Amino acid sequence: MRRSALIVMAMLTLAAGSVAIMATGLRAMSKEPRFSQLTMDQLTDQQKPLAEQIMKISSVGIGGPYNPLLRSPVLGQRMFDLLHYLRWETSVPLKLNEFAILIIGRQWRSQVEWLAHAPLAIKAGLSPDIVAELKANKRPSNMPPQETAVYDFVTELTTKHAVADETFNRAKELLGEQQVVDLTAVAGSYVAVAMLLAMSEEGVPPGREPPFKPGEP
């Protein structure tokens, strides 16, 4: 009889623990950002010019990384100008550029980066299969040579903090010297974006589904 009672108590304890874990997860998913979301009518004269530029190109408005960046408008403007070059004027072909951004977004499990850039990567010609495998935290299979060079180069540089001679030489041969430099800059810049998003706990816009679900790798 006593043994049965102990088993029942253990089961109730496990159930209570499971409920607590689920509740914690739900609270984490619904947690408000650390910076309240700015609106256009709240902005100062120093912030408004930057916000107007952002609104012309951003799929998340002045949310995402722009919400914290607007708190430091001079830095925000410098960052916006750098990202403008790295998105629209870079020597790296758009498909490969977006692939590099997705690699960083996946490393950081950055909801906003992935939400914003996965559709752009596919639109630019990156294989949906490559995007799906990367999202599943796998090395994409059947990558063409240029995509392989980008994946290996960015992954080595950001995880090992170094690039092997073979990896560097292959990237330089397939992409060229300027593209290797620009590729390095876009990877590093989107690490900074991912850090801003993580620090401020910015989530996807209201009504949008987070790409990475709780419990997924």
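The values are calculated or read from the model by the stated rules, or taken from the named source; none is laboratory data. Small disclaimer: the values here were computed from a predicted structure and weren't measured. Neighbour counts run over all protein chains shown; Cβ positions are idealised from the backbone, glycine included.
The residues on offer are GLY64, GLY76, and the sole one that is more than 17 Å from the chain's Cα centre (by Cα) and under 22 Å from LEU196 (Cβ atoms) is GLY76.
Does GLY76 meet the test of being crowded, with 19+ Cβ neighbours inside 10 Å and either part of a loop (DSSP other than H, G, I, E, B) or not assigned by TED's automatic domain parsing to the domain that holds VAL154 (or both)? Give the steps one after another, and end with the answer.
Numbers: crowded, with 19+ Cβ neighbours inside 10 Å: yes; either part of a loop (DSSP other than H, G, I, E, B) or not assigned by TED's automatic domain parsing to the domain that holds VAL154 (or both): no.
When the stated conditions are applied, GLY76 does not pass them.
Looking across segment 174-194, the residues that are under 18 Å from the mean Cα position of the chain (by Cα) and closer than 16 Å to LEU157 by Cβ come down to LEU183, THR184, ALA185, VAL186, ALA187, GLY188, SER189, TYR190, VAL191, ALA192, ALA194.
Can we say GLN179 is within 19 Å of GLU216 (Cβ to Cβ) and crowded, with 18+ Cβ neighbours inside 10 Å? Outline the logic, then answer.
Details: within 19 Å of GLU216 (Cβ to Cβ): no; crowded, with 18+ Cβ neighbours inside 10 Å: yes.
Here the answer is no, as GLN179 does not meet what is asked.
The residue that is surrounded by the fewest Cβ atoms within 10 Å (Cβ to Cβ), among those in segment 82-115 that are aliphatic (A, V, I, L, M) and free of Cβ contacts under 8 Å to residues at least 60 places away in the same chain, is LEU94.
Out of curiosity, is ALA162 under 22 Å from LEU86 (Cα atoms), surrounded by 14 or more Cβ atoms within 10 Å (Cβ to Cβ) and modelled with pLDDT of 95 or more? Before the answer, list the steps.
Values: under 22 Å from LEU86 (Cα atoms): yes; surrounded by 14 or more Cβ atoms within 10 Å (Cβ to Cβ): no; modelled with pLDDT of 95 or more: yes.
Judged against the criteria, ALA162 is not a match.
Considering only segment 141-171, state which residues are closer than 14 Å to ILE101 by Cα and of a type in the set (D, E, K, R).
From segment 141-171, those closer than 14 Å to ILE101 by Cα are 147, 150-155, 157-158; that's our starting set.
Across segment 141-171, the qualifying residues are GLU147, ASP152.
Considering every residue within segment 173-183, establish whether at least one is closer than 27 Å to ILE62 by Cα and out of contact with any helix residue (DSSP H, G or I) (no Cβ under 8 Å at 6 or more places or on another chain). Checking segment 173-183: not a single residue is closer than 27 Å to ILE62 by Cα and out of contact with any helix residue (DSSP H, G or I) (no Cβ under 8 Å at 6 or more places or on another chain).
Which numbered condition in (1) buried (at least 17 other Cβ atoms within 10 Å of the Cβ); (2) within 20 Å of VAL186 (Cα to Cα) is the only one that MET143 fails? With (1) buried (at least 17 other Cβ atoms within 10 Å of the Cβ); (2) within 20 Å of VAL186 (Cα to Cα) applied to MET143, the lone miss is (2).
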